[in-house]
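This report refers to the structure that appears directly beneath it.
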Amino acid sequence: MLFRSTFLYSELFLISFIRISNTLKYLFVPENDEFFDNCSNQPSNVLNIHGLFDMSHFIIRRQDDIIYMSGNSTYNWNIQPLDRVEVSFQLFKFDRIAWLQTPFGMTIRDMCPVLFDEPQYWYKYWTKYITNKDDFKGKCPDQGKNLFYEPFSLNLFIELTGLPLNGRYKVVMTAKAFSPNNEERETSICVEVEGQFERLN
Ligand SMILES: *[C@@H]1O[C@H](CO)[C@@H](O)[C@H](O)[C@H]1NC(C)=O
Ligand SMILES: *[C@@H]1O[C@H](CO)[C@@H](O)[C@H](O)[C@H]1NC(C)=O
């Protein structure tokens, strides 16, 4: 009897473990052909993608649900080389009339040293394709520095546990810079990307 109940418990444990770890896989399909959108209702010291990069030699092309990127972009943000750059990503869902914040998000307190860290999402989807990455390993590029890309396509696969994702979503990315005395610089960056999640499993 004792044996049987132990067995039952371990089996129940196993079932609930499998359910909890049953992740859902998605492909993020962007809405906008240019991929990046301005954040709405921002004061003038909050810059968009063009405040971060001069994109005039960066090509964004869409074919079906895939975005292809190539070319080069010049780092434009006027901050100081030793500044700490704090980046946050936050997922919002459009619910009938308004964008509502979801619990999915992350903040990277000091982005520059981890810009080329292999296990990170931004490495897999973006910085991996920068061919001159050795020029600024461990720190953010200086203003005016050109970033060269090998042509790549954005395949934004994500895995999540929890509620299924249906409908319109947007990811809002903000970047703030802090001086070595931890004073926030005057300008910050805000970029958003709207799209839908296509379930793959
Ligand atoms: C984004 O903002 C810039 C500058 O504030 C403006 O020139 C541009 O038209 C805006 N883009 C969109 C898609 O609204
Ligand atoms: C940057 O990219 C553009 C467009 O692909 C290209 O014409 C230009 O030569 C590139 N610049 C450099 C310095 O390689």
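Quick look at the values:
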{"read-out": "Selection from the stretch 59-88 of residues that are within 16 Å of ligand 1 (Cβ to nearest atom) and touching a helix residue (DSSP H, G or I) at 6+ places or on another chain (Cβ under 7 Å)", "value": "Asn76, Trp77"}
{"read-out": "Tabulated pairs, the stretch 45-74, first small (Gly, Ala, Ser), second within 13 Å of ligand 1 (Cβ to nearest atom), C-beta under 6 angstrom, 6+ apart or interchain", "value": "Gly51/Ile189; Ser73/Met55"}
{"read-out": "Phe94 in contact (Cβ under 8 Å) with a residue 60 or more places away in the chain, within 16 Å of ligand 2 (Cβ to nearest atom) and either closer than 23 Å to Leu200 by Cβ or within 15 Å of the chain's Cα centre (by Cα) (or both)", "value": "no"}
{"read-out": "Residue within the stretch 144-154 that is surrounded by 16 or more Cβ atoms within 10 Å (Cβ to Cβ) and under 15 Å from the mean Cα position of the chain (by Cα) present", "value": "yes"}
{"read-out": "Subset of the stretch 131-143 that is within 21 Å of Thr174 (Cα to Cα) and either loosely packed, with under 13 Cβ neighbours inside 10 Å or of a type outside the set (Lys, Arg) (or both) - its residue that is modelled with the lowest pLDDT", "value": "Gly138"}
{"read-out": "Within the stretch 107-136, tally of residues that are more than 24 Å from Ser70 (Cβ to Cβ) and of a type in the set (S, T, N, Q)", "value": "1"}
{"read-out": "Enumeration of residues in the stretch 30-47 that are crowded, with 16+ Cβ neighbours inside 10 Å and within 16 Å of the chain's Cα centre (by Cα)", "value": "Pro30, Phe35, Phe36, Asp37, Cys39"}
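The values are calculated or read from the model by the stated rules, or taken from the named source; none is laboratory data. Since the model is a prediction, treat every value here as computed from it, not as a measurement. So basically every Cβ, Gly included, is an ideal-geometry build from the backbone, and we count neighbours across all protein chains shown.
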